[in-house]
Each structure stands twice: as structure tokens, then as C-alpha cells.
Amino acid sequence: MSKTEIDRVTAEFFGAFDNRDGKVPEVGRIRRLVIPGGVIVATGPHFAVYTVDEFIEPRQRLLTDGRLAEFSEWETSERTEIAGDVASRFGEYRKAGILDGEPFEGSGTKAIQFVRTPDGWRIAAFSWYDQP
């Protein structure tokens, strides 16, 4: 059951950024998926460390101000290890959209750390690397 729950949280995380076909992205749901004090790290091509709110705000703006349209990202492979109330997921992903009027595609790697809370599995930390 734990793997199924972790799969669901992961899918909900990726789905938060979807604005295809006029859909309103739900980036704010990240606050529910990540525990308070969770750490978010971009490793490349530009290193940055974010709080949950620092991560959400610019992405919400980008996905709703018209600059980034028809965007989605999705997991293409994953490996999840669960040990009691902690889990680690390492996965590859793809993304596509239209940025400033130009179509683009990309890919990368995400590492997500999960913990089981009284409310179910939540993300404690995640990091990603976008392929150049």
C-alpha cells in the first residue's frame, strides 16, 4: 500500500504544474504535499535552495501570466525504496510547453524523499537536475 500512496503523491506533485488546454495549475497544492520546513533544491544548471513558498510563488506566476502555456511534466521512470516510515524515489522526467511563444521540451532527474506522517506519505525534500 505504501508504494501506491507514494505513486499517488508523486503524480499529484507533477500534476500541480499542468496548464494544458486552459487548465488552471494548482501549484499551491505543493504546500499540502510537502511537510512544513521541507527543502527544495535545484542542482543544475543553476544551483538554488528554496523554501516551499519560495518555490511556489514564481512558478505560479509563470504558469498563469501567459509566459508558459500548454505546460506539463511527467515521470518516465522511477525507482522507489521504502524502509519503514521513510522512502526515497529517484526518477527521470520529461516536460514540454510553450515558453514566450516558443515550443520547448526538456528532461531531467528528480530525487524525492518521503516520510509517513499521521496524514499519510508526504514529501520531506526534493531536488532536481534539468538536462541542459
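The values are calculated or read from the model by the stated rules, or taken from the named source; none is laboratory data. From a predicted model like this one, the values you see are computed outputs, not experimental measurements. FYI the Cβ positions are ideal-geometry reconstructions off the backbone, even for glycines, and counts take in every protein chain you see. To get the accessible areas, we keep the full protein, side chains included, count just its heavy atoms, and leave off ligands, DNA and RNA. Shrake-Rupley method; radii C 1.70, N 1.55, O 1.52, S 1.80 Å.
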Sorting check: for 102-111, 25-34, which peptide has the highest mean count of neighbouring beta carbons within 10 Å, and how do the rest follow? 25-34, 102-111
Sequence-distant or interchain residues sharing an amide H contact under 5 Å with residue 44, placed H: which? 130
Between the Cα axis of helix 52-64 and the main Cα principal axis of the chain, the angle (0 to 90°, nearest 10) is 30 degrees
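May I ask you to give the solvent-accessible area per residue for the chain, in square angstrom, as obtained with a 1.4 angstrom probe? List each step's numbers first, then the result.
Numbers: 7190 Å² over 132 residues.
Averaged over the residues of the chain, the accessible area is 55 Å².
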Which order do 74, 128 take when ranked by solvent-accessible area (1.4 Å probe, heavy atoms of all protein chains), largest first? 74, 128
Could you compute the net charge surrounding residue 51? Neighbours are other residues with a C-beta less than 14 Å from the C-beta of residue 51; K and R count +1, D and E count -1. -1
Mind pulling the angle between the C-alpha long axis of helix 2-15 and the longest principal axis of the chain? Nearest 10 degrees, somewhere in 0 to 90. 20 degrees
Please work out the C-alpha center-to-center distance from the range 107-132 to the range 8-62 and express it in whole Å. 11 Å
Quick one: give the max-minus-min coordinate of the C-alpha atoms of the range 1-102 along each principal axis, largest first, in Å. 46, 26, 25
Residues whose modelled amide H sits under 5 Å from the amide H of residue 34, counting only those 5 or more places away in sequence or on another chain, are 123
Where 47, 14 fall by accessible area, highest first, once all protein chains stay in place (1.4 Å): 47, 14
Computed, not fitted: 222 nm per-residue ellipticity of the chain from DSSP H runs ≥ 4 (each -39500 (n - 2.57)), nearest 500, equal to -7000 deg cm²/dmol
